[in-house]
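Take a look at the structure set out below.
Bear in mind these aren't lab numbers, they're just calculated from the coordinates by the rules spelled out. Computed from a predicted model, the values in this text were never measured in an experiment. All Cβ positions, even for glycine, are placed from backbone atoms using ideal geometry, and neighbour counts span all protein chains on display.
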Amino acid sequence: MKWWRSVIVVFLVVLAAGGLFGALYPHVWASPEGDADLGSVMEVIALLNTRYYYQPVSTFDLLDSFNRKGTINGMLRDALEDPYTRYMTPQAFEQMMTSTRGEYGGIGIVVGMQEDQLTVVSPFKGTPGDRAGLRAGDRIRAIDGRPTTYMSLDEAVSLMRGPQGEDITLTIGRGDKEFEVYIIRDIINVVSVEEPKMLEHQIGYVKMTNFSERTHEELLQALAQLDEEGMQGLILDLRFNPGGTLSAAIQVADTFLASGPLVYLEDRDGNRSPYMAQSNGTREPLPMAVLINGSSASASEIVAGALQDNDLAVLVGSQTFGKGLVQSLHPLRDGSALTVTEQAYLTSGGRNINTLGIEPDVFVEIDEEKEEDLYLGDEEVFDEQLHKAIELILAAL
């Protein structure tokens, strides 16, 4: 597993819409549960017996797994072998719900595990972490004096978040130096659509980093800006976008698709329910390319699939992740929650892409080192996938 694939969604968490989830890379959520009471265990088992996509579920096997593993997540991993059905502590559940709103109190950095060490992936520009001088690659040795050795990502993120105005001290390792950084927390706004760019020949470029409650509005603002600048073609960059809310994916796809199904949801009995496009507000078609790679997943695949299936865009890059299962969220009585794999989704054209991913129309492979540089925003790296997309749009103008 490439290191950036294990850190890319730490700050995104798992995003919800109408109880339906686009879960991805669940290993970043491995966290201590504390002492789960028997009532929560039985609530989880009851939900699995009634809602779980892969039936049947053995109550005896679940209880036996809990007895042997001692935690609910241990039970789920052992008995189900489904990485997307997982238990969240009250603290982790609150973090997830905060992240769906795209705003939280914290220091504004993306973190992940690199070589088993808590590492800064990148700070958001203009945030307290950025102003304090934190850099990509910094090792966070301690948080307010608490060593991060053996600390889960959940716990680390929870410790770094907090009310606006409260201080935090990080012990940072950088090269052979170790020093402390004092930071005052602020309100962090997670932007899912970056500032749009007008490339050569009036080709607009929009990069989407995740799908949240604010994504559709941010996309419309970006497109309006590019329209004012005379956009003749559009590149939508969904690389390294792990997904997010189902509703955001539907809204984004509906922006470009005037009619027909945007995506299908399929239950465990094979019954399919389509989400249909609405003609109101649909943009006029224009030459369009979508950039994808192995970390384009879930909601990103819904959008890419809808555009590809309806011949609205050419997909450029490499095969997507292949996350075609949908989780529902069930809060439990003690404030914790369970996400349950409850449905599968199929693309606009009825394709099941789970574990398979979506193949690009034009395959352009780049090596792992360059992908890492692109993810970290190194503007000096030549981006073959982007330049191929420009070439294809120019040919269509």
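Toward the positive end of the charge dipole of the range 105-189, with +1 on the Cβ of Lys and Arg and -1 on the Cβ of Asp and Glu, the farthest Cα among ILE109, PHE124, GLY165 is that of PHE124. Using θ = phi - 60° in the Karplus curve 6.51 cos²θ - 1.76 cosθ + 1.60, the 3J(HN,Hα) couplings for the range 335-343 round to x, 7, 7, 10, 9, 10, 5, 10, 8 Hz; x is entered for Gly and Pro.
Kindly provide the GluC sites (Glu not before Pro) of the range 163-227 that DSSP labels as loop, not H, G, I, E or B, and whose Cβ sees at most 13 other Cβ atoms within 10 Å. Please report the intermediate quantities before stating the final value.
On the way: sites: GLU166, GLU178, GLU180, GLU194, GLU200, GLU213, GLU217, GLU218; in loops: GLU166, GLU194, GLU213.
Here the GluC sites (Glu not before Pro) that fit, given the DSSP loop and packing criteria, are GLU166.
Going down the table (LYS323/LYS370; LYS197/LYS370; LYS177/LYS323), which pairs top 30 Å between alpha carbons? Flagged as over cut-off: LYS177/LYS323.
For the range 294-368, GluC sites (Glu not before Pro) meeting the loop criterion (DSSP other than H, G, I, E, B) and having at most 13 other Cβ atoms within 10 Å: GLU365. D by Stokes-Einstein for the chain, Kirkwood Rh over Cα pairs, 25 °C, 0.890 mPa s: 112 µm²/s.
Working note: Cα gyration tensor of the range 105-189, eigenvalues times five, square-rooted, sorted largest first, giving semi-axes of 18, 14, 12 Å.
Under unit Cβ charges (Lys, Arg +1; Asp, Glu -1), what dipole magnitude, rounded to 20 debye, does the range 221-295 have relative to its Cα centre? Please report the intermediate quantities before stating the final value.
Numbers: 4 positive and 9 negative charges, 44 e Å.
Dipole about the Cα centre, nearest 20: 200 debye.
Antiparallel as a % of all DSSP beta bridges within the chain, to the nearest 5?
Around 75 percent of the beta bridges assigned by DSSP in the chain are antiparallel ones.
Over the C-alpha atoms of the range 212-315, the Rg to Rh ratio, Rh being the Kirkwood estimate, stands at 0.97.
Could you tell me which trypsin sites (Lys or Arg not before Pro) in the range 133-203 are loop residues by DSSP with no more than 16 other beta carbons within 10 angstrom of their beta carbon?
On the way: sites: ARG135, ARG139, ARG141, ARG161, ARG174, LYS177, ARG185, LYS197; in loops: ARG135, ARG161, ARG185.
Here the sparse-neighbourhood loop sites are ARG135.
The Cβ shell under 13 Å around ILE183 holds other residues with a net charge of -4, Lys and Arg each +1, Asp and Glu each -1. Nearest-5 percent of antiparallel DSSP beta bridges in the range 133-289? Given both bridge residues lie in the range 133-289, the antiparallel proportion sits at roughly 75 percent.
Tell me, which longest segment in the chain has none of the chymotrypsin sites (Phe, Trp or Tyr not before Pro) that fall in DSSP loops with at most 10 further Cβ atoms within 10 Å? Walk me through the numbers on the way to the answer.
Values: sites that count: TYR150, PHE382.
Longest stretch, sites excluded: 151-381.
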